[in-house]
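Heads up, the thing below is written out as structure tokens.
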Amino acid sequence: MKQKLKIKSIVQLYDLLPDHEQMIVDILRSIIVDQSPAHIKEKISYNVPFFYGHRSLCLVWPSTIPRGGIKEGVLLGFWYGHKLIDEDHYLDRGTNKQVYYKIFKSVEEINVDAVSKILQSAIDYDLQFKKKK
């Protein structure tokens with residue numbers, strides 16, 4: 001019987017990834033962590049880095065981890081991509097009505113300014129769901 005993969009930490013995830021995916025994941029995580037307000041938290045969910053605030057925000061899914069739906073590279077997905085301001089049409093829609101994403105196959109493909117802009121839109125959207133006291 002095949003044992004199910006259960007990743008519990010970023011270190012454990014990095015140990016499983018090939019170097020090029022590890023670098024892409026690290027850069028994307030750094031952008032998200034550095035630019036997010038304190039209420040945005042990171043956890044490992046479905047064996048990948050998952051960020052949430054008042055609701056789900058985004059995830060970073062390397063192709064090495066099963067069930068991500070991608071054959072190569074690292075997917076940066078935004079749960080409410082259909083609600084975000086994406087004037088530059090940076091994100092791909094694919095067949096999903098809600099989650100919009102970008103797949104990076106190399107570090108050079110990461111446009112920090114574009115990712116930051118989309119991330120800020122996602123954070124702004126998330127702030128709408130702040131619970132009133």
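Values quoted throughout were computed directly from the atomic coordinates according to the rules given, and no laboratory measurement underlies them. These numbers come from a predicted model, not from an experiment. Cβ coordinates were reconstructed from backbone atoms using ideal geometry, including for glycine residues, and neighbour counts include every protein chain displayed.
Here are the numbers:
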| quantity | calculated |
| --- | --- |
| Of residues in the range 95-110 being surrounded by 14 or more Cβ atoms within 10 Å (Cβ to Cβ) and not hydrophobic (A, V, I, L, M, F, W, C), the one farthest from the chain's Cα centre (by Cα) | LYS105 |
| Residue among LEU16, LEU28, LEU57 that alone is aliphatic (A, V, I, L, M) and more than 19 Å from ILE123 (Cα to Cα) | LEU16 |
